[in-house]
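A quick write-up on the structure given underneath.
Here, each number is a calculation from the coordinates, and none is a lab measurement. All values derive from a computational prediction rather than experimental measurement. When we count neighbours, we look across all protein chains shown, and the Cβ atoms used for this are built from the backbone with ideal geometry, even at glycine.
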Amino acid sequence: QSPIIIVNTWPFSNATDAGWNVLSPSNSTLFGSSIDAVVAACTNAEDDPNIESVGYGCSPDENGHTLLDAMVMDGKTMEVGAVASMPDIRQASQVARDVLLSTKHTLLVGPLAAEFAKSRGYKPTSLDTSKSHNLWIKWQKNNCQPNFRKSADWVPDPVTSCGPYRTNVSDINSPKLKDQRIKKLDINNHD
Amino acid sequence: TIGVIALDAYGSMAVGTSTSGSTYKIPGRVGDSPIPGAGGYVVDNIGGAVATGDGDLMMRYLLSFQVVDYLRQGIGPTEACKRALRSVRSKEEWYGALVALTNRGEYGSACVGFTDFKYSVRASWIGNQTNIIAVSC
């Protein structure tokens, strides 16, 4: 038997314990898999309303909505399943495991990742809560600060004002924007 | 973000990550968590690593992949995390942490920027309860 161990990037004891209980269940002699253990730990964190960087009801974007990212990697097969920017489905890591186990793909994104989840039986539920809504309102009242947009590229100035934002036309002939347009014209420049 | 690495009784390893991302991000933004090699990476007969922090910056360096590659060279988990973090070039102060676990059950971590970074570990040989480990960044 290999040594059994689980490590978690944060001191979320309940999440670590949830994973441990899969690896070494107290009421069974059957040991669980590492994949199920990491998913159990992540699921525990996704369900915990006190953890503010994981799961529903936190980290609203500029539009006030919560979207989830998750990934599961199997070190034996080197298979990966992941979802990104996924709305409406709370069990992000479980959906990532479904991508890994039931498809030949690696990463599904956006509303179509949620559609995939629904096709696997997950029930859609809003990821927004009164807590995340209040965070967003507070951000708006603070002139939308902090803000991830670079100041010179937008009108109105995102350092001082909320959107909607549009391209700063006076900056359009800057070398950087010229370069970007040239790159976009390259028909071979895609994934 | 939560990043988890597990080594099971059959010697298999996995990593998992989950996050709601940066608060007030531009809609459509995706960070490092769901990107293999960035938010997490694992190879059964070597070990695994997971990352947390500024995903926009960290994902450009594939830090979890770097850590596992250092483990492959025989470097210990703490030193592997430190070396990977050193590869990040940033003019501004930034926040990031890496946690690593080898296939022999050795674990370690390193961080940048955080005043109080702690991670958690549970194994039968360390008291059979979750241990919280503080790391000096």
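When chain A is treated as a GNM, springs tying every alpha-carbon pair under 10 Å, which of A:Arg120, A:Arg149, A:Arg97 comes out with the largest mean-square fluctuation? Maximum among the listed residues: A:Arg149.
Taking every residue in B:127-136 and counting other chain Cβ atoms within 10 Å of its Cβ, the average works out to 3.
Of A:Met86, B:Met59, A:Met73, A:Met78, the sequence from fewest to most neighbouring Cβ atoms within 10 angstrom is A:Met78, B:Met59, A:Met86, A:Met73. Helix B:77-86 axis versus longest C-alpha principal axis of chain B: approximately 20°, rounded to the nearest ten.
Over chain A, what lengths in whole Å, largest first, do the semi-axes of the equivalent ellipsoid take, defined as the square roots of 5 times the eigenvalues of the alpha-carbon gyration tensor? Show your work: numbers first, answer last.
Working: eigenvalues 292, 101, 45 Å².
Taking √(5λ) for each eigenvalue gives 38, 22, 15 Å, largest first.
Ordering B:Thr23, A:Thr43, B:Thr102 by the number of other Cβ atoms within 10 Å of each residue's own Cβ, fewest first, gives B:Thr23, B:Thr102, A:Thr43. Straight-line cross-link partners of A:Lys123 among the aspartates and glutamates, defined as a Cα under 13 Å from its Cα and at least 8 positions apart when in the same chain: A:Asp88, A:Glu115.
Annotation for B:Gln129 and A:Ser102: the two label points, set 7 Å from Cα along the Cα-Cβ direction, are 4.0 nm apart. In this label model, A:Thr167 and A:Lys131 are separated by 4.0 nm, measuring between points 7 Å along each Cα→Cβ vector. Only Lys, Arg, Asp and Glu carry charge here, each on its Cβ (+1 for the first two, -1 for the last two); on that basis the range A:49-104 has a dipole of about 280 debye about its Cα centre.
What average number of partner chain Cβ atoms lie no more than 10 Å from the Cβ of the residues making up A:53-66?
Numbers: counts 10, 8, 4, 1, 1, 4, 8, 5, 10, 6, 2, 2, 1, 3.
Counting other chains' Cβ atoms within 10 Å and averaging over A:53-66 gives 5.
With the simple model of a label 7 Å out from the Cα in the direction of the Cβ, A:Asp157 to A:Leu30 spans 6.4 nm.
Going by the alpha-carbon gyration tensor, a ≥ b ≥ c the square roots of its eigenvalues, is the range A:81-174 rounded (a/c under 1.5) or, if a/c is not under 1.5, prolate (a/b greater than b/c) versus oblate? The partial results should precede the final answer.
Values: a/c = 3.85, a/b = 1.85, b/c = 2.08.
Oblate.
Toward the positive end of the charge dipole of the protein assembly as shown, with +1 on the Cβ of Lys and Arg and -1 on the Cβ of Asp and Glu, the farthest Cα among A:Ser132, A:Gln145, B:Ala80 is that of A:Gln145.
Sort A:Leu100, A:Leu107 by Cβ crowding within 10 Å, fewest neighbours at the top. Intermediate values should be presented prior to the final figure.
Working: A:Leu100 22, A:Leu107 18.
Lowest to highest Cβ neighbour count: A:Leu107, A:Leu100.
For A:Lys76, the aspartates and glutamates whose Cα falls under 14 Å of its own Cα, not counting residues fewer than eight places away in the same chain, are A:Asp36, B:Asp8, B:Asp44.
Would you mind checking the pairs B:Lys82/B:Lys118; A:Lys138/B:Lys25; A:Lys141/B:Lys118; A:Lys131/B:Lys25 and listing those with alpha carbons more than 26 angstrom apart? In this structure, A:Lys141/B:Lys118 lie more than 26 Å apart at Cα. For chain A, a Gaussian network of Cα nodes joined below 10 Å ranks A:Trp154, A:Trp20, A:Trp136 by mean-square fluctuation, and the top entry is A:Trp154. Using only side-chain charges placed at the Cβ, +1 for Lys and Arg and -1 for Asp and Glu, the dipole size of the range A:37-165 relative to its Cα centre rounds to 100 debye.
Determine, at each q value in 0.06, 0.08, 0.11 (inverse angstroms), the log₁₀ of I(q)/I(0) that the Debye formula gives when each Cα of the protein assembly as shown is one equal point scatterer. Log10 of I(q)/I(0), two decimals: -0.21, -0.37, -0.70.
The relative contact order of the range B:5-137, computed from alpha carbon pairs under 8 Å that lie at least 6 residues apart in sequence, is 19 percent.
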